[in-house]
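Reading through the C-alpha cells given below for one structure.
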Amino acid sequence: MSAAVPPRPSDDDRALVGEYVLGLLEPAVARAVEDRLAAEPALRAERAAWEEALLPVAEAPEAAPPRALRRRVEAAVFPEEARARRRAPWGLAALLGAPAAAAVLLAAFFFAEPAPVPFVPTHAASLAAEDGSLALEARADGRRLEVVLARGAAPEGRDLEIWLIAGGAAPVSLGVVGGDGTLRAAVPGALTPGAVLAASEEPPGGSPTGAPTGAVLALGTVTQL
C-alpha cells in the first residue's frame with residue numbers, strides 16, 4: 001500500500017501555533033491561523049500538543065524554575081543580554097514586561113519537547129467493509145484520535161483516508177492512514193457518540209478536493225466507552 005503521511009509542521013508554523021495558543025497574535029493573524037487549523041490536520045495536532053504542554057503550567061503552583069532552564073531560555077531568546085542577566089533573579093515579567101515574558105515562555109516550550117500525556121480512550125469506532133475484507137479500529141481520548149488498520153489494505157496505488165460525518169454536515173477529513181497502518185490526528189469537536197467514521201480509497205496523499213472522491217470501503221459508528 002502506498003501511503004503519504006502529512007509532514008510535521010515547519011519550525012515557523014510550530015512557533016506560530018504556539019503564539020496562537022498563548023494569545024500573542026494580532027486579531028487578523030489569529031483569524032488566518034484559525035482558517036489554516038480548519039484545513040490542516042497537522043496544525044490541529046500541533047495545537048493540541050501546545051495545549052497539552054501548557055495546561056500543567058497554568059494549573060501548577062508558583063515555583064522557581066531550575067537555574068539551568070533560565071540560562072537556556074535567556075540564551076535562546078536574548079543571546080546578547082543573557083550574559084548580563086546571568087545573575088539576575090527570575091523576575092522576567094518585571095524585567096522585560098508581560099509580552100516579552102510570554103515570549104520567553106513560548107521559547108521554553110518551543111525548544112523543549114512536551115511531556116507525553118497518557119492516552120486513555122473515551123470513544124471508539126470499528127470500521128468494517130460489508131464483506132469483512134477491510135477493518136480498522138479507532139480510539140479517541142478527547143484530544144487525540146488513533147486509527148489502526150486491523151485487516152485488509154487500500155487498493156493498489158491508492159490510500160485510505162478517514163472521514164468524520166456528523167449529522168448533516170459534510171465529511172471532514174481526519175487524514176490518511178500511513179504506511180505503518182496507523183493514523184494519529186487531533187480530535188474535532190464533532191467526534192461524539194452517533195457520529196460516523198468512514199474510510200475511502202483516494203489518490204496517494206489523500207483527496208485533492210477536500211471531499212471523498214473514491215469509493216467508501218468501510219464505515220463505523222462512534223460510541224462512548
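Inside the range 160-178, can you point out the residues that are assigned to a loop (DSSP other than H, G, I, E, B) and either open to solvent by 60 Å² or more (accessible area, probe 1.4 Å) or aromatic (Phe, Trp, Tyr) (or both)? The answer is Gly167, Gly168, Ala170. The residues listed here are Ala125, Ala190, Ala185; of these, the one that is assigned to a strand (DSSP E or B), hydrophobic (A, V, I, L, M, F, W, C) and farther than 18 Å from Ser207 by Cβ is Ala125.
Would you mind finding the one in Leu197, Leu219 that is in contact (Cβ under 8 Å) with a residue 40 or more places away in the chain, touching a strand residue (DSSP E or B) at 6+ places or on another chain (Cβ under 6 Å), of a type outside the set (Val, Ile, Thr) and over 17 Å from Pro41 (Cβ atoms)? Before you say what the answer is, go through the steps one by one.
Values: Leu197 fails: over 17 Å from Pro41 (Cβ atoms).
So the residue among Leu197, Leu219 that is in contact (Cβ under 8 Å) with a residue 40 or more places away in the chain, touching a strand residue (DSSP E or B) at 6+ places or on another chain (Cβ under 6 Å), of a type outside the set (Val, Ile, Thr) and over 17 Å from Pro41 (Cβ atoms) is Leu219.
Residue check: Gly142 meets all listed conditions (1) in contact with an Asp or Glu (Cβ under 9 Å, 6 or more places away or on another chain); (2) part of a loop (DSSP other than H, G, I, E, B); (3) open to solvent by less than 70 Å² (accessible area, probe 1.4 Å) but one, namely (1). For a quick check of your reading of the model, give me the residue pairs whose first member lies in the range 146-165 and is under 18 Å from Ala195 (Cβ atoms), whose second is of a type in the set (Lys, Arg) and open to solvent by 50 Å² or more (accessible area, probe 1.4 Å), with beta-carbon atoms closer than 7 Å and at least 6 apart or on different chains. Close Cβ pairs (under 7 Å, with a partner that is of a type in the set (Lys, Arg) and open to solvent by 50 Å² or more (accessible area, probe 1.4 Å)) amount to Glu146/Arg139; Glu146/Arg184.
Any residue at all in the range 109-131 that's of a type outside the set (Gly, Ala, Ser), more than 18 Å from the chain's Cα centre (by Cα) and surrounded by 20 or more Cβ atoms within 10 Å (Cβ to Cβ)? Don't jump to the end; show me each part of the working.
We begin by selecting, within the range 109-131, every residue of a type outside the set (Gly, Ala, Ser); these are 109-111, 113-114, 116-123, 127, 130-131.
If we keep only those that are more than 18 Å from the chain's Cα centre (by Cα) as well, we get 127, 130-131.
Filter once more, keeping what is surrounded by 20 or more Cβ atoms within 10 Å (Cβ to Cβ): 127.
There is at least one residue in the range 109-131 that is of a type outside the set (Gly, Ala, Ser), more than 18 Å from the chain's Cα centre (by Cα) and surrounded by 20 or more Cβ atoms within 10 Å (Cβ to Cβ).
When Ala48, Ala64 are checked against the criterion of being at pLDDT below 70 and either loosely packed, with under 15 Cβ neighbours inside 10 Å or within 30 Å of Ala211 (Cα to Cα) (or both), Ala64 stands alone in meeting it. Across the range 184-211, the qualifying residues are those that are closer than 15 Å to Ser126 by Cα and open to solvent by 10 Å² or more (accessible area, probe 1.4 Å), and the one among them that is nearest to the chain's Cα centre (by Cα) is Leu191.
The values are calculated or read from the model by the stated rules, or taken from the named source; none is laboratory data. Small disclaimer: the values here were computed from a predicted structure and weren't measured. All Cβ positions, even for glycine, are placed from backbone atoms using ideal geometry, and neighbour counts span all protein chains on display. We work out accessible area using only protein heavy atoms, side chains counted, and drop any ligands, DNA or RNA first. Shrake-Rupley method; radii C 1.70, N 1.55, O 1.52, S 1.80 Å.
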